[in-house]
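Below is one structure, written out as structure tokens, with a few remarks after it.
The values are calculated or read from the model by the stated rules, or taken from the named source; none is laboratory data. Values in this document were obtained by computation on a predicted structure and should not be read as measured data. Cβ: placed from backbone, ideal geometry, glycine included. Neighbour counts: every protein chain shown. Heavy atoms of the whole protein, side chains included, go into the accessibility calculation; ligands, DNA and RNA do not. Shrake-Rupley method; radii C 1.70, N 1.55, O 1.52, S 1.80 Å.
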Amino acid sequence: MYTKDQTSFWTVRRSISEALKSQYKAKCSEDITVPPAQIKDLLTFLTTLETPHIKCLGYGHLGDGNVHVNILNIDLPNNKWQQEKQTITAKIMTQAITLGGTLTGEHGIGLTKKQFMPLYFSKTELHLLKSIKKLCDPNNILNPSKIFSDDNN
């Protein structure tokens, strides 16, 4: 059972994402992990991505380096937002790898990050992963649209 202070803390923590969503025109969340000693560098890097129209911030499981990065649209029209979001996401993924981290911490690669897998995995590793997938799922019926389908990634 939580103490009153602990309950208050967790209420705030669980409310961050929804609070951000309510305060900005749009929000994109990315889950990355860096070594805990690199968190400060990551958070500093996020500030370099900001513009008068975009805000970036991170929070999360800082003890293990898992950071929920939020890219926030202050006032861009949707078409420009989509472009900026993609550009900034690519920079964040690249920086996570540069800092010795990974593309994800707890939510997996999924469809949104499959394009970034070559930043982290070598061609040999990707081939090995695809080979294991093919061996276990020769008919490609499990998550057929994910990275291990017959696409070029």
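Summary table below
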{"read-out": "Amide proton proximity set for ALA26, modelled H, under 5 Å, gap of 5+", "value": "ASN73"}
{"read-out": "Between helix 39-48 and the chain: long-axis angle, C-alpha atoms, 0 to 90°, nearest 10", "value": "80"}
{"read-out": "Point-charge dipole on Cβ atoms (K/R +1, D/E -1) for region 6-103, about Cα centre, debye to 20", "value": "220"}
{"read-out": "Degrees between helix 4-23 axis and first principal axis of the chain (Cα, 0 to 90, nearest 10)", "value": "70"}
{"read-out": "Helix 123-136 axis, angle to the chain major axis (alpha carbon atoms, nearest 10°)", "value": "70"}
{"read-out": "Accessible area per residue, Å², region 1-147 with all protein chains present, probe 1.4 Å", "value": "62"}
{"read-out": "Under-23-angstrom lysine pairs by C-alpha in region 3-74, whenever the two are 8 or more apart or on separate chains", "value": "5"}
{"read-out": "Carbon/sulfur fraction of accessible area - region 1-114, other protein chains in place, 1.4 Å, %", "value": "57"}
{"read-out": "Rounded, prolate or oblate (a/c below 1.5 giving rounded, otherwise prolate when a/b exceeds b/c) for region 1-98 by Cα gyration tensor", "value": "oblate"}
{"read-out": "Of THR94, HIS107, PRO77, farthest towards positive along the dipole that unit charges on Lys, Arg, Asp, Glu beta carbons give region 34-125", "value": "PRO77"}
{"read-out": "Anchor LYS146: aspartates and glutamates whose Cα lies under 15 Å away (excluding residues fewer than 8 positions away in-chain)", "value": "ASP137"}
{"read-out": "Helix-only CD estimate at 222 nm, as mean residue ellipticity for the chain, using -39500 (n - 2.57) per DSSP H run (n ≥ 4)", "value": "-15000 deg cm²/dmol"}
{"read-out": "Listed peptides 136-142, 75-81 by packing density, highest first (mean Cβ within 10 Å)", "value": "75-81, 136-142"}
